[in-house]
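Colleague: One structure, pasted below without further comment.
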4 protein chains.
Amino acid sequence: MLGPNSYGKSGIRLVQVARRGDRHDVQDLTLSVRLEGEFGAAHVAGDNAAILPTDTMKNTVYALAAGRAPGPIEIFARDLARHFVATHAPVSLARVEIAERPWERLETGGRPHGSAFRRPGGETRLASATHGRGGEEMIEAGVDDLVILKTSRSAFAGFARDRFTTLRDTNDRLLATALRAVWSYAEADAAFSALRAGIRQTLLDTFAEHDSRSVQHTLYAMGEAVLERHAEAREIRLTMPNKHHLPVDLAPFGLPNENAVFVATEEPFGLIEAVVRRPEAPPGRS
Amino acid sequence: MLGPNSYGKSGIRLVQVARRGDRHDVQDLTLSVRLEGEFGAAHVAGDNAAILPTDTMKNTVYALAAGRAPGPIEIFARDLARHFVATHAPVSLARVEIAERPWERLETGGRPHGSAFRRPGGETRLASATHGRGGEEMIEAGVDDLVILKTSRSAFAGFARDRFTTLRDTNDRLLATALRAVWSYAEADAAFSALRAGIRQTLLDTFAEHDSRSVQHTLYAMGEAVLERHAEAREIRLTMPNKHHLPVDLAPFGLPNENAVFVATEEPFGLIEAVVRRPEAPPGRS
Amino acid sequence: MLGPNSYGKSGIRLVQVARRGDRHDVQDLTLSVRLEGEFGAAHVAGDNAAILPTDTMKNTVYALAAGRAPGPIEIFARDLARHFVATHAPVSLARVEIAERPWERLETGGRPHGSAFRRPGGETRLASATHGRGGEEMIEAGVDDLVILKTSRSAFAGFARDRFTTLRDTNDRLLATALRAVWSYAEADAAFSALRAGIRQTLLDTFAEHDSRSVQHTLYAMGEAVLERHAEAREIRLTMPNKHHLPVDLAPFGLPNENAVFVATEEPFGLIEAVVRRPEAPPGRS
Amino acid sequence: MLGPNSYGKSGIRLVQVARRGDRHDVQDLTLSVRLEGEFGAAHVAGDNAAILPTDTMKNTVYALAAGRAPGPIEIFARDLARHFVATHAPVSLARVEIAERPWERLETGGRPHGSAFRRPGGETRLASATHGRGGEEMIEAGVDDLVILKTSRSAFAGFARDRFTTLRDTNDRLLATALRAVWSYAEADAAFSALRAGIRQTLLDTFAEHDSRSVQHTLYAMGEAVLERHAEAREIRLTMPNKHHLPVDLAPFGLPNENAVFVATEEPFGLIEAVVRRPEAPPGRS
């Protein structure tokens, strides 16, 4: 028996340029489209009549991009999700996810250049829209791979111990993570770009200023601050891998290590994840 | 308000060697442990009393490994999940995931060598166990990155079209995917290694022999065959990216391309996903 | 002043299918083309008259593929390199590199299937050809990412020590590497496929059987064995990262670790590299 | 017969923190050490007496880090290279390579934070030092993965054509690359940090302002500008993959594409590489 199923296109790479005289803008997106609906006959009987090809999804992204200027990815995701529900009857739910890699203007002669850019790498902006046939809609936004580190005000002590515990209490450790944060909006239209910038800044401010007793402690403070300061955010999910930085033991060489020399490790890593939501919020999909 | 949350350790790398005289066995695992439970105070108040360090989870994996011989990863996952629930009161649910990378014996002088091995790369074996405080337990197993290709008996035609559709019907295309299949078991103990081998073979047999009208069609046939032939499997989730192989247009060079020369592309890719389950199966977590 | 320079196309992905009735063959190649020659005017004056577009290099690979059956990549690399020198006057030297990812037939009903395949992943086959305008030519072949491990007959002791040395002698360690070996041929035509299989087996046999006192020791033995047993190979370069497997200290848990439980680490890693050549060999480009 | 050989340690991960009251500095390095010398006996006879363990190289990096403040990586590379030649008699040449990933201070309350940082990702800073027993020394510096794009003043026309050429002349294309540039210094001591910043800016200025007729044309202009404006740089090697952005054909949908909608591709890619040097420069190792 066929259970939950979906299909779509991932890894659609779109770079869009807007030109106003000598001043150009660039937007660099990677999109995925996923559809749920009446696709049972394709699975069970090999009848493709309800299947819109994933190649068409890709074409649709490019065609709809041609009709818009670079702008908030939340809007583009929403419009694409609405399109697939509106134009294709078997679809019960469309989900569009967009990851944006920012490009910055090069500075030449001390001024931002009009048409030359640098991509810093790392951090991406996320947005997704889910649109159902009944009109229900959810817009989410987020950041991914926001790599941050603090060298003060981070402790981890007083934890549970058992016979396999060798870790010692510490009151001064490096705390580093590659933050993924995804929040949902109550409304399908808003000043998404300003909100994104504000929420990102709140996350960073809180990370920097918090007296951290654990990753969980700081994660929750970050989520709480976002909900307190940004009424438009309904709930937020934070994922924080603990990118361990271990002090190197220099004692064998007769040297002190005054919390100064660390080895950064990739594996294994802690992984801390939580949703913070408003008391009244219904369970969401973030 | 704190919503769903969990924490754990990922990327725990374990290589285990068993030696019986000149004949050695090697098992190469990457594990993750994730706990849910009464961790609110850590988040909200910075009180770590209920937090077993993720470093201890790592130590536990190595310590429990020392007490076992290399064997089915389903069992090791299950025993680890049980351990964390049994030994740490705040835990309401423990989930352990294991990925195994197989090593094969080198052949020297036409015979398998006793202590030299090759890792083929690619395909990994998956297992996971979820154990709740009330005793509920789920064992899953799977394969990931099983890259397969068929050069016959694959069509895609008769699909829905709209104004953005440019794809043409084809009755003879390459069908390639990197299969991920995860199935759940009804019982917490079984001949897991033999079952895994059998289910994997069923997946491959069906993929090879199926007259495919779409990825969905073949995916469903594969899932259905597993449930038909392997009573122990309760349901199965298949994820099949469509790794497109596009025929190269050689017409500009005055050359025919008789379905022989393809460019393999990474982006974009189709992504097809479905659960196939027995009619009576309650909804699972696969 | 313009110094050494070259240009070309990399990452050309070609999958080729040959069909004889129900029995198909598949070859999966990634190619790069690089040209040296009279390209100064393009650099200095922006005059492109001598520049064959890299897009044309890609087209050429597909067009020449159409005229051949799947076969030894050494031959395909050679013919492509010859082509660019023969057809484009400014070229003084062409170098073509090919990496082949093998596909194996699926076994169904105990027999190899005619048109369904699995790609094991990991190990790739390498070939390259360099062809100069004066007719000089060099063919190289190799393997890359051949991940091998031995659990016996590997020691590392009696090494140099200084005040920063903490490593202890060991007479029984795991030895693991991801071998890259590239050898050159004296002739531009040979039974390349049989030679490749033979040399690969010699490398594996020697790795398995050698009483290793260090990575260097085993590396040299492997290279020496290839030159002794395969007269066609002129010289060989071996690159062997030392993929460290460190015994886990279980003493804190009151457990012994009888050389059985290891953590596999990615970083840092040793890197050992050497060329082994016949006494009479002139310096080559391997 | 043993030909050229070397060994060393790669992937040594060092994060160093310097603290002056509330203001901390962070430096994040990945180092590799490679030694050449009298290591024949280890290869041929398994005699390790001349082999300093790669584990000791790692220890040395951490121990010497403890005695320095974060500073120019050119100096740290040089001092490490000198150390291995000075302390270990069999070494004839030591090469140390360092890649630095920059961390930026977070801005909170409109001001740079004292102890919280963000790693932008992407671009890395390179330095290497090669020190020989005879005292000869070479210092190199560079940037890697500097991803840049220009949306104006980039053409590619008037190129050579043959029967496999389908590319058309264009006078307005996107030009994008992930620049790797490595330059060598004439002196072993200099204001390396200021020089690096200046050379990087010259590379970016030239890329932005150049009327590009090809990648080669712009690459050469960038190298020439560096040598003209920075007397300390002896020569420079530039590697510029051509990260193709292809205009999407929207004609099938009745839409124009006025150089606005592009698909960014990863494979295949052009690869352009050249050394630019001063007329008097002797051949170097860049």
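Colleague: Restrict the check to segment A:170-186 and report whether at least one residue is surrounded by fewer than 16 Cβ atoms within 10 Å (Cβ to Cβ) and over 29 Å from D:Phe117 (Cβ atoms).
Modeller: Checked against the condition, which is being surrounded by fewer than 16 Cβ atoms within 10 Å (Cβ to Cβ) and over 29 Å from D:Phe117 (Cβ atoms), segment A:170-186 yields at least one hit.
Colleague: Right, something else. Looking at segment D:58-81, can you tell me whether even one residue there is of a type in the set (Ser, Thr, Tyr) and over 17 Å from C:Phe164 (Cα atoms)? Outline the logic, then answer.
Modeller: Step one: list which residues in segment D:58-81 are of a type in the set (Ser, Thr, Tyr), which gives D:60, D:62.
Now drop any that are not over 17 Å from C:Phe164 (Cα atoms), which leaves none.
No, segment D:58-81 contains no residue that is of a type in the set (Ser, Thr, Tyr) and over 17 Å from C:Phe164 (Cα atoms).
Colleague: Being within 8 Å of another protein chain (Cβ to nearest Cβ) and assigned to a helix (DSSP H, G or I) is the filter; apply it to segment B:209-229 and report the residue that is nearest to the chain's Cα centre (by Cα).
Modeller: Among those residues, the one meeting the criterion is B:Leu219.
Colleague: Can you pull out every residue in segment B:135-145 that is among the hydrophobic types (A, V, I, L, M, F, W, C) and either free of Cβ contacts under 8 Å to residues at least 24 places away in the same chain or away from chain C (no Cβ under 14 Å) (or both)? So that I can check it myself, show each step before the final result.
Modeller: Of the residues in segment B:135-145, the ones among the hydrophobic types (A, V, I, L, M, F, W, C) are B:138-139, B:141, B:143.
Correct list: B:Met138, B:Ile139, B:Ala141.
Colleague: Failed condition for A:Pro279, given (1) modelled with pLDDT of 95 or more; (2) within 7 Å of another protein chain (Cβ to nearest Cβ); (3) open to solvent by 30 Å² or more (accessible area, probe 1.4 Å), with all others met?
Modeller: (1)
Colleague: May I ask you to verify whether C:Leu246 is within 14 Å of chain D (Cβ to nearest Cβ) and within 22 Å of the chain's Cα centre (by Cα)?
Modeller: Taking the combined requirement at face value, the residue does not satisfy it.
Colleague: From the list D:Leu149, D:Leu64, D:Leu93, pick out the single residue that is more than 30 Å from D:Ala190 (Cβ to Cβ) and under 24 Å from the mean Cα position of the chain (by Cα).
Modeller: Among D:Leu149, D:Leu64, D:Leu93, only D:Leu149 is more than 30 Å from D:Ala190 (Cβ to Cβ) and under 24 Å from the mean Cα position of the chain (by Cα).
Colleague: So which of C:Val261, C:Val226 ends up being of a type in the set (A, V, I, L, M, F, W, C) and more than 24 Å from C:Glu280 (Cβ to Cβ)?
Modeller: Details: C:Val226 fails: more than 24 Å from C:Glu280 (Cβ to Cβ).
Sole residue among the options that is of a type in the set (A, V, I, L, M, F, W, C) and more than 24 Å from C:Glu280 (Cβ to Cβ): C:Val261.
Colleague: Right, another one. State whether the residues of segment A:142-160 include one that is of a type in the set (S, T, N, Q), open to solvent by 70 Å² or more (accessible area, probe 1.4 Å) and modelled with pLDDT of 95 or more.
Modeller: Looking for residues that are of a type in the set (S, T, N, Q), open to solvent by 70 Å² or more (accessible area, probe 1.4 Å) and modelled with pLDDT of 95 or more, one finds none in segment A:142-160, hence no.
Colleague: Can you report the number of residues in segment D:20-45 which are in contact with an Asp or Glu (Cβ under 8 Å, 6 or more places away or on another chain) and farther than 22 Å from D:Arg125 by Cα?
Modeller: 1
Colleague: Taking the residues in segment C:124-134 that are touching a helix residue (DSSP H, G or I) at 6+ places or on another chain (Cβ under 9 Å) and open to solvent by 20 Å² or more (accessible area, probe 1.4 Å) as candidates, determine which candidate is nearest to the other protein chains (Cβ to nearest Cβ).
Modeller: For segment C:124-134, the residue satisfying everything is C:Arg125.
Colleague: Let me ask something additional. Is there a residue being more than 30 Å from D:Asp211 (Cα to Cα), surrounded by 19 or more Cβ atoms within 10 Å (Cβ to Cβ) and of a type in the set (Ser, Thr, Tyr) anywhere in segment C:2-21?
Modeller: no
Colleague: Given the criteria more than 11 Å from chain A (Cβ to nearest Cβ) and at pLDDT below 95, does B:Glu258 qualify? Give the derivation first.
Modeller: On the way: more than 11 Å from chain A (Cβ to nearest Cβ): yes; at pLDDT below 95: yes.
Here the answer is yes, as B:Glu258 does meet what is asked.
Colleague: Now for a different question. I'd like to check something: does segment B:100-110 contain any residue that is at the interface with chain C (Cβ under 9 Å from one of its Cβ atoms), open to solvent by less than 30 Å² (accessible area, probe 1.4 Å) and at pLDDT 95 or above?
Modeller: Yes.
Colleague: While we're here: Checking D:Leu271 against (1) over 17 Å from the mean Cα position of the chain (by Cα); (2) hydrophobic (A, V, I, L, M, F, W, C); (3) surrounded by 17 or more Cβ atoms within 10 Å (Cβ to Cβ): exactly one of these is not met. Which one?
Modeller: Every listed condition holds for D:Leu271 apart from (1).
Colleague: Between B:Ala251, B:Ala274, which is out of contact with any Leu (no Cβ under 7 Å at 6 or more places or on another chain) and closer than 27 Å to B:Arg173 by Cβ? Let's see the steps before the verdict.
Modeller: On the way: B:Ala274 fails: out of contact with any Leu (no Cβ under 7 Å at 6 or more places or on another chain).
One residue alone meets the criteria, B:Ala251.
Colleague: Separate question: Give me a count of the residues in segment B:219-246 that are open to solvent by less than 20 Å² (accessible area, probe 1.4 Å), free of Cβ contacts under 8 Å to residues at least 60 places away in the same chain and under 23 Å from B:Arg168 (Cα atoms).
Modeller: Here the count works out to 1.
Colleague: From the residues in segment C:77-90 that are within 12 Å of another protein chain (Cβ to nearest Cβ) and of a type in the set (Gly, Ala, Ser), which one is farthest from the chain's Cα centre (by Cα)?
Modeller: The qualifying residue farthest from the chain's Cα centre (by Cα) is C:Ala89.
Colleague: Of all residues in segment B:146-188, which are without any contact (Cβ under 8 Å) to a residue 12 or more places away in the chain and over 26 Å from A:Ile51 (Cβ atoms)?
Modeller: Matches in segment B:146-188: none.
Colleague: Here's a follow-up. Identify, by number, the condition in (1) of a type outside the set (S, T, N, Q); (2) buried (at least 21 other Cβ atoms within 10 Å of the Cβ); (3) part of a loop (DSSP other than H, G, I, E, B) that A:Asp249 doesn't meet.
Modeller: All conditions are met except number (2).
Colleague: Which of the residues that make up segment B:1-30 are hydrophobic (A, V, I, L, M, F, W, C) and more than 7 Å from chain A (Cβ to nearest Cβ)?
Modeller: The answer is B:Leu14, B:Val15, B:Val17, B:Ala18, B:Val26, B:Leu29.
Colleague: Here is a follow-up. Do we find a residue being assigned to a loop (DSSP other than H, G, I, E, B), surrounded by fewer than 21 Cβ atoms within 10 Å (Cβ to Cβ), of a type outside the set (Gly, Ala, Ser) and facing another protein chain (nearest Cβ under 8 Å) anywhere in segment C:187-201? Give the steps one after another, and end with the answer.
Modeller: Of segment C:187-201, the ones assigned to a loop (DSSP other than H, G, I, E, B) are C:187-191.
Checking which are surrounded by fewer than 21 Cβ atoms within 10 Å (Cβ to Cβ) leaves us with C:187-191.
Of the ones still in play, those that are also of a type outside the set (Gly, Ala, Ser) are C:187, C:189.
Going one step further and asking which of them are facing another protein chain (nearest Cβ under 8 Å), we end up with none.
Scanning segment C:187-201 turns up no residue that is assigned to a loop (DSSP other than H, G, I, E, B), surrounded by fewer than 21 Cβ atoms within 10 Å (Cβ to Cβ), of a type outside the set (Gly, Ala, Ser) and facing another protein chain (nearest Cβ under 8 Å).
Colleague: Oh, and also: Which ones in segment C:54-69 are out of contact with any His (no Cβ under 8 Å at 6 or more places or on another chain), touching a residue at least 24 places away in the same chain (Cβ under 8 Å) and under 15 Å from C:Arg13 (Cβ atoms)?
Modeller: Of everything in segment C:54-69, those that are out of contact with any His (no Cβ under 8 Å at 6 or more places or on another chain), touching a residue at least 24 places away in the same chain (Cβ under 8 Å) and under 15 Å from C:Arg13 (Cβ atoms) turn out to be C:Thr54, C:Asp55, C:Met57, C:Lys58, C:Val61, C:Tyr62, C:Ala65.
Colleague: Keeping to segment C:31-49, report how many residues are open to solvent by 40 Å² or more (accessible area, probe 1.4 Å) and either away from chain D (no Cβ under 11 Å) or within 25 Å of C:Ala63 (Cβ to Cβ) (or both).
Modeller: 4
The values are calculated or read from the model by the stated rules, or taken from the named source; none is laboratory data. Keep in mind the model is a prediction, meaning the values are calculated, not measured. Positions of Cβ are backbone-derived with ideal geometry, glycine not excepted, and every protein chain shown enters the neighbour counts. Ligands, DNA and RNA are stripped out before the accessible areas are found, and what is left, the full protein with its side chains, is counted by its heavy atoms. Shrake-Rupley method; radii C 1.70, N 1.55, O 1.52, S 1.80 Å.
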